[in-house]
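Have a look at the structure below before the remarks.
Quick note: the coordinates plus some simple rules give every number you see, no bench work behind them. Worth saying up front: this structure is predicted, and the values here are computed from it rather than measured. Reconstructed Cβ throughout: ideal geometry from the backbone, glycine too, with neighbour counts over all protein chains shown.
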Amino acid sequence: MYIPFSPPRIDDRTIEEVTAALRSGWITTGPRTKKLEKMIADYCHVPQVLCVSSASAGLELMLHWFGVKEGDEVIVPAYTYCATANVVVHCGATPVMVDVNDDFLINVENIRKAITPRTKVVIPVDIAGYPCDYELINALVAEPEVRALFQPQTPEQHQLGRILVLSDAAHSIGAQYHGRKTGSLTDVSVFSFHAVKNLTTAEGGAICLNLPAPFDLEALYKYLCTKSLHGQSKDALAKTQIGNWRYDVLEAGYKCNMTDVLAAIGLVEMERYEEDMLPRRKAIFNAYTEAFKDDERFQVPEYETAQRVSSYHVYPLRIKNITEVQRDAIMQAIFKREVSVNVHFIPLPMLTCYKNMGYKIEDYPVAYDNYSREISLPVYYNLTDEQVAFVIDAVKAAVEVEVKTEN
Ligand SMILES: *Cc1c(COP(=O)(O)O)cnc(C)c1O
């Protein structure tokens, strides 16, 4: 029995909807994309949602919107996917990496220590689908002393008057913090709909706009529609109206709009996300926790408390008292049993690109410890109970063999 890590849920319903989009004659941004935006806005209780071609593009678009540029600093966790920091580099700004907690999430006191007069944005990441401590993060950026340090340089920065909280919610659609859904917890949040994410459009993402007054979010939504389409005053759909051909370009914008063919996948995903997808993922998480929690060799992740509920994206199991080399050996032994596992993530300071910029993993001991003992287990809708049991057996057997040989 071969168990893949995270295949998408594609069935007849998905294929029918994509086919309908293709047959409709409208394949790029149009009615299906707009419908998906509306569904996400309703689901997350956010005033405005813009769908884009990826979470990376969405994060970058919002950094550009806020005017982040060379000389600016953006605080990111050391423990995340490279996209979180790469987009900062694309703006010419400096990613300031901070260490995380034992729960994989950015440490708020470390954010505080990293704030300087150059700090423009903080990007917390909901690793594995577990929301960061947003009450603390939002309170931190609003503190009078922290506000006083902020040096606004663009109209948007003046209007906000403080550090922007831009959450990388790539993993966490459907997660909850203090009874509120992710997307509605920070100034701006960005979801990913990449093929391996909880809710997919093959490639895609959504920007949730939640900025405080006096920002006009409807106007901002319209502005971002053009900014994600070369700054063109009319989109393709508007231009198809007979005689409505003339357009203008207001600025050198980007090209990162979502297509209706892909939005079709997202519509089907959204329809069955809360009722069908999340409960199945939760059941798999619970089965793993049941199997590993009383075995002292394992450290199970936190994913549900009275205040916080995960979207059950990644199950980050850790093995106690092992080295990185032992972890790698355990993974090989699991692969031999035809179970696909993964590591989320290699901390940024360990990647050549960031090492070359001078970041050192020694400065992020918790990120390293989390990484060196972590193995992500398969979680997806079509994973059966029998397969879950097979994964559990494979992991236990691998740990049994590897940890014994080493000792
Ligand atoms: C997947 C991922 C992204 C990027 O999402 P894309 O839609 O592929 O651009 C960003 N951050 C994290 C933490 C991710 O896992």
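Annotation for the stretch 101-157 versus the stretch 261-295: alpha-carbon center distance of 30 Å. When the Cα atoms of the stretch 103-213 are aligned to their principal axes, the ranges along those axes come out at 41, 31, 24 Å in descending order. Here the mean projected area of the convex hull built on the C-alpha positions of the stretch 158-287 is 10.6 nm².
Taking label points 7 Å from Cα along the Cα-to-Cβ direction, Q241 and V89 give a separation of 4.4 nm. Using C-alpha pairs under 8 Å with a sequence gap of at least 6, the mean separation divided by the residue count of the chain gives a relative contact order of 22 percent. Among S6, S376, S24, the ranking by other beta carbons within 10 Å of each residue's beta carbon, starting with the fewest, stands as S24, S6, S376. Ranking of R32, R337, R281 by neighbouring Cβ atoms within 10 Å, starting from the fewest: R337, R281, R32. Over all other residues within a Cβ to Cβ distance under 14 Å of G174, the charged ones net out to 0, with Lys and Arg as +1 and Asp and Glu as -1.
The sum of -39500 (n - 2.57) across all DSSP H runs of n ≥ 4, divided by the residue count of the chain, sets its helix-only mean residue ellipticity at 222 nm to -12000 deg cm²/dmol. Normalised Debye scattering of the chain at q = 0.06 Å⁻¹ gives log10 I(q)/I(0) of -0.25, counting only Cα atoms as equal scatterers and leaving out solvent.
Loop only per DSSP, at most 16 neighbouring Cβ atoms within 10 Å: give me the trypsin sites (Lys or Arg not before Pro) in the stretch 50-142, ordered by residue number. All intermediate terms of the calculation are to be shown ahead of the outcome.
Values: sites: K69, R112, K113, R118, K120; in loops: K69, R118.
Of the trypsin sites (Lys or Arg not before Pro), the ones in loops of the stretch 50-142 whose Cβ has at most 16 other Cβ atoms within 10 Å are K69, R118.
Can I get the semi-axes of the stretch 48-149's equivalent ellipsoid? Compute them from the C-alpha gyration tensor as square roots of 5 times the eigenvalues, in angstrom, largest first.
On the way: eigenvalues 78, 63, 36 Å².
Taking √(5λ) for each Cα gyration eigenvalue gives 20, 18, 13 Å.
Quote the FRET efficiency, to the nearest 0.05, computed for D12 versus T305 with a Förster distance R0 of 30 Å and r equal to the Cβ-Cβ distance. With a Förster radius of 30 Å, E is 0.20. Annotation for the stretch 194-270: chymotrypsin sites (Phe, Trp or Tyr not before Pro) lying in DSSP loop with at most 11 further Cβ atoms inside 10 Å of their Cβ are W245. Restricting the calculation to alpha carbons of the stretch 273-406 gives Rg and Dmax of 15.9, 47 angstrom. Under a model in which nothing but the beta-carbon of Lys, Arg (+1) and Asp, Glu (-1) is charged, the stretch 273-406 shows a dipole of about 300 debye around its Cα centre.
Sorted ascending by nearby beta carbons within 10 Å, beginning with the fewest, C44, C256 become C256, C44.
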